Structures are given as structure tokens and as C-alpha cells.
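This report refers to the structure that appears directly beneath it.
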Ligand SMILES: [Zn+2]
Ligand SMILES: [Zn+2]
């Protein structure tokens, strides 16, 4: 990745805007961020409403202002070891934290701002054709931020929809069993 793509910071927030935040990348911060992955566990699916939830961990200290200082930011204790954050006004699903790793906050990547994920719309270069209005995008860091290479809870993959992902996969979490790169449904008992 060209060093020039490295941002000083990126921004995100919930659907209604009550929760807004900036993720700062100090000079020593990892770029692109590597703690990036999908999780198809039922809790992540229920909380995000997505069949393929994806998030990325950032140092909590680099998220400004601190989410917990925002009265609209609410948390739900989803298990004995973790909690999830959301906007109490619009309901956007925002974060995941382990109780024991408060220094890391996993941000659901869909809440990163559109200009950051897709690039800024360049209306001066736009054109229309039979497909509609094409607006070229300038910049955008979605590929760097969202290239997930680890996928957990592949035991819940949906055949033909969420099973064929590039990178390392685990049947459940990363602490249980060896990872694999093939599709989870290619394994057969006794083969
Ligand atoms: Zn909101
Ligand atoms: Zn999960």
C-alpha cells in the first residue's frame, strides 16, 4: 500500500448523527489496520442486522471524542465477557468490546463515513446514460480499511452467499481449531 494513502484520521457515526467520532492514526499506528474481519456468529448478526457483519479493532484511545462520553451512545451487555455499543436515538449498531480488552474497540465498518469508504462524489465529472447518473469518486479508503482477511464463525456461513470469502477462516472463534482457506462446506466427515 502506498504510504500516501495513509490518513491522519477517518470519521464515522450513526445514522442520525447523534454519535460522531474520529479515529486518529498517529505516526506509529498500523496502516492499513489489520485487526479486521467478519463474524457470522448469531449475536453479531442479530446486533447488526447483517448476514455478514464486519468490524475492525482500533485503539480505544485513538477514538475521539471517547464514545462513552456521548449520552446517545448506549451499551448492551451481550455476554458475560463482552458488550456492544449502539446509538440510543436511531439504533445504529456501532461497536463491540471485550470486557478484558477495553483498550481495543471494534468498530462496525458500515458506520465509517461514505466519503471515507467510497471516496468523495465528483459531480463535476458526472454523466448520465441508460443506467442512470454516474458519479466518479475521488479518493476513498474503503479497500484499505475493509479488506478483511480473517473470518470467524464460518460454521454459520450461508451456502453460496457468505461461504466463499478470501483469507483465513475458522469454524468458530480463533482460539478453537485450526484455520482453513477453503469453503467450510467443502469439508466432509471422514474425508
Ligand atoms: Zn443515531
Ligand atoms: Zn460475532
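FYI, it's all coordinate maths here, none of it is from the lab. This is a predicted model, so every value here is computed, not measured. When we count neighbours, we look across all protein chains shown, and the Cβ atoms used for this are built from the backbone with ideal geometry, even at glycine.
Given contacts defined as C-alpha pairs under 8 Å and at least six residues apart, what's the relative contact order of the range 1-152, whole-number percent? Show your work: numbers first, answer last.
Numbers: 273 pairs, mean separation 37.3, N = 152.
Result for the range 1-152 is 25 percent.
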7 Å from Cα along Cα→Cβ at both residue 20 and residue 61: what's the point-to-point distance in nm? 2.6
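How long is the gain from residue 159 to residue 147 if the chain were fully straight, where each residue apart is worth 0.36 nm and the alpha carbon distance is subtracted? The partial results should precede the final answer.
Details: separation 12, 0.36 × 12 = 4.32 nm, distance 2.12 nm.
Separation in residues times 0.36 nm, less the Cα-Cα distance, equals 2.2 nm.
At R0 = 30 Å, how high is the FRET efficiency between residue 41 and residue 118 if r is their beta carbon distance? Nearest 0.05 is fine. Working shown, then result.
On the way: r = 27 Å, r/R0 = 0.91.
Step by step, r from the Cβ atoms, then E = 0.65.
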Need one number: nm distance between label points at residue 90 and residue 29, each 7 Å from Cα along Cα→Cβ, rounded to one decimal. 2.2
Relative contact order as a percentage, the range 152-191, C-alpha pairs under 8 Å and 6+ apart, gives 40
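Per DSSP helix of 4 or more residues, -39500 (n - 2.57); summed, then divided by the residues of the chain. What does that give at 222 nm, rounded to the nearest 500?
Taken over the chain, the calculation gives -2000 deg cm²/dmol.
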Compute the length gained on full extension between residue 79 and residue 5: take 0.36 nm times their separation in residues and subtract their Cα-Cα distance, giving the result in nm to one decimal. 22.9 nm
Nitroxide proxy distance, nm - points 7 Å out along Cα→Cβ at residue 98 and residue 68: 1.7
